[in-house]
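Please read the structure below before turning to the comments.
Computed from the coordinates by the stated procedures, all read-outs in this text should not be read as laboratory data. As the structure is a prediction and not an experimental result, all values here were calculated from the model. Quick reminder, even Gly has a Cβ in these numbers, built from the backbone with ideal geometry, and neighbours come from all protein chains shown.
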Amino acid sequence: MDIRTEIKNFINENFMMGRDPGELNDSASLLELGIIDSTGVLELVNFIEATFKITIEDDELTPENLDTIDRMFDYINRKKQ
């Protein structure tokens, strides 16, 4: 399974309860849509670190890295290089 698919599956399984999965496009802001909140960000960080074997530093916990599937995909790829 590729990075993007794993992220989408995790979000769908853990945060989309009762919501239309069509709402979740790769460039949609998870925070603005109310899909995740601050607790959700922590769950997402734990998932990313465990699944992709990277460490997310405190100063990297920004919307620029984690607010959309596209941004997470790019961030993970940068960290894995």
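Counting other Cβ atoms within 10 Å, which trypsin sites (Lys or Arg not before Pro) in region 50-81 have at most 14 and lie in a DSSP loop? Present the calculation step by step, with values, prior to reporting the outcome.
Working: sites: 53, 71, 78, 79, 80; in loops: 53.
Those that pass, being in a loop and sparsely packed, are 53.
For the chain, dividing the convex hull volume of the Cα atoms by the residue count gives 88 Å³ per residue. When the P(r) of region 36-81 is calculated, the portion above 17 Å amounts to 19% of the C-alpha pairs.
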